[in-house]
Amino acid sequence: MSMKYQFKNNEDTNKRLLICPECGEQLVGTDIEIFQACPYCDQKLERNCELEDFIIEPLVQRWINKHIMFDKEDNVTQSRAGLL
(Lines give C-alpha, C1' and ligand atoms only; values in the text may rest on other atoms or scores of the structure.)
Protein backbone atom coordinates (compact mmCIF):
# COMPACT_ATOMS: atom_id res chain seq x y z
CA MET A 1 0.00 0.00 0.00
CA SER A 2 1.28 3.44 -0.91
CA MET A 3 2.11 5.88 1.87
CA LYS A 4 -0.21 8.90 2.20
CA TYR A 5 1.66 12.12 2.88
CA GLN A 6 0.55 15.28 4.66
CA PHE A 7 1.28 18.70 3.20
CA LYS A 8 1.09 22.22 4.58
CA ASN A 9 1.00 25.56 2.76
CA ASN A 10 3.65 28.02 3.93
CA GLU A 11 1.90 31.39 3.89
CA ASP A 12 5.19 33.35 3.99
CA THR A 13 6.71 31.79 0.87
CA ASN A 14 3.49 30.59 -0.79
CA LYS A 15 5.00 27.10 -1.16
CA ARG A 16 3.75 23.69 -0.14
CA LEU A 17 5.70 21.80 2.48
CA LEU A 18 5.79 18.06 3.09
CA ILE A 19 5.43 16.98 6.71
CA CYS A 20 7.80 14.11 7.52
CA PRO A 21 5.63 11.18 8.66
CA GLU A 22 8.29 10.16 11.23
CA CYS A 23 9.61 13.35 12.89
CA GLY A 24 7.04 15.95 11.74
CA GLU A 25 9.68 18.27 10.25
CA GLN A 26 8.56 20.50 7.36
CA LEU A 27 10.37 19.64 4.11
CA VAL A 28 10.59 21.37 0.75
CA GLY A 29 10.79 19.53 -2.58
CA THR A 30 14.54 19.98 -2.93
CA ASP A 31 15.07 18.27 0.45
CA ILE A 32 13.41 15.14 -0.91
CA GLU A 33 14.89 15.37 -4.38
CA ILE A 34 18.43 15.50 -3.00
CA PHE A 35 18.24 13.17 0.00
CA GLN A 36 15.36 10.76 -0.90
CA ALA A 37 14.85 10.54 2.85
CA CYS A 38 14.09 13.05 5.57
CA PRO A 39 17.35 14.98 6.14
CA TYR A 40 16.43 15.36 9.84
CA CYS A 41 15.55 11.81 10.91
CA ASP A 42 16.67 9.76 7.84
CA GLN A 43 13.18 8.29 7.38
CA LYS A 44 13.05 6.83 3.87
CA LEU A 45 10.20 8.37 1.91
CA GLU A 46 8.35 5.98 -0.35
CA ARG A 47 8.16 7.33 -3.91
CA ASN A 48 4.65 7.57 -5.26
CA CYS A 49 2.72 9.86 -7.62
CA GLU A 50 1.84 12.24 -4.80
CA LEU A 51 5.48 12.69 -3.77
CA GLU A 52 6.67 13.05 -7.38
CA ASP A 53 4.01 15.72 -8.02
CA PHE A 54 5.21 17.58 -4.92
CA ILE A 55 8.82 17.51 -6.17
CA ILE A 56 8.10 18.72 -9.71
CA GLU A 57 5.35 21.21 -8.79
CA PRO A 58 7.70 24.26 -8.67
CA LEU A 59 9.16 23.39 -12.08
CA VAL A 60 5.71 23.02 -13.62
CA GLN A 61 4.54 26.29 -12.03
CA ARG A 62 7.57 28.17 -13.41
CA TRP A 63 6.89 26.74 -16.87
CA ILE A 64 3.22 27.79 -16.70
CA ASN A 65 4.10 31.28 -15.49
CA LYS A 66 6.71 31.69 -18.23
CA HIS A 67 4.24 30.74 -20.94
CA ILE A 68 1.48 32.91 -19.52
CA MET A 69 3.86 35.88 -19.62
CA PHE A 70 4.91 34.92 -23.18
CA ASP A 71 1.26 34.75 -24.27
CA LYS A 72 0.52 38.14 -22.69
CA GLU A 73 3.54 39.73 -24.37
CA ASP A 74 2.60 38.12 -27.69
CA ASN A 75 -0.98 39.46 -27.41
CA VAL A 76 0.32 42.98 -26.66
CA THR A 77 2.65 42.80 -29.68
CA GLN A 78 -0.13 41.55 -31.94
CA SER A 79 -2.52 44.20 -30.62
CA ARG A 80 -0.02 46.96 -31.33
CA ALA A 81 0.44 45.60 -34.84
CA GLY A 82 -3.33 45.61 -35.34
CA LEU A 83 -3.55 41.83 -35.58
CA LEU A 84 -6.02 41.39 -32.71
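The values are calculated or read from the model by the stated rules, or taken from the named source; none is laboratory data. What you see is a predicted model, and the numbers here were worked out from it, not measured in a lab. Every residue, glycine as well, gets a Cβ built from its backbone with ideal geometry; the counts of neighbours run over all protein chains shown.
Here segment 30-54 is the region considered, the condition is being aliphatic (A, V, I, L, M) and at pLDDT 90 or above, and the residue that is surrounded by the fewest Cβ atoms within 10 Å (Cβ to Cβ) is 37. Scan segment 1-29 for residues that are at positive phi and modelled with pLDDT of 90 or more and the total you get is 1.
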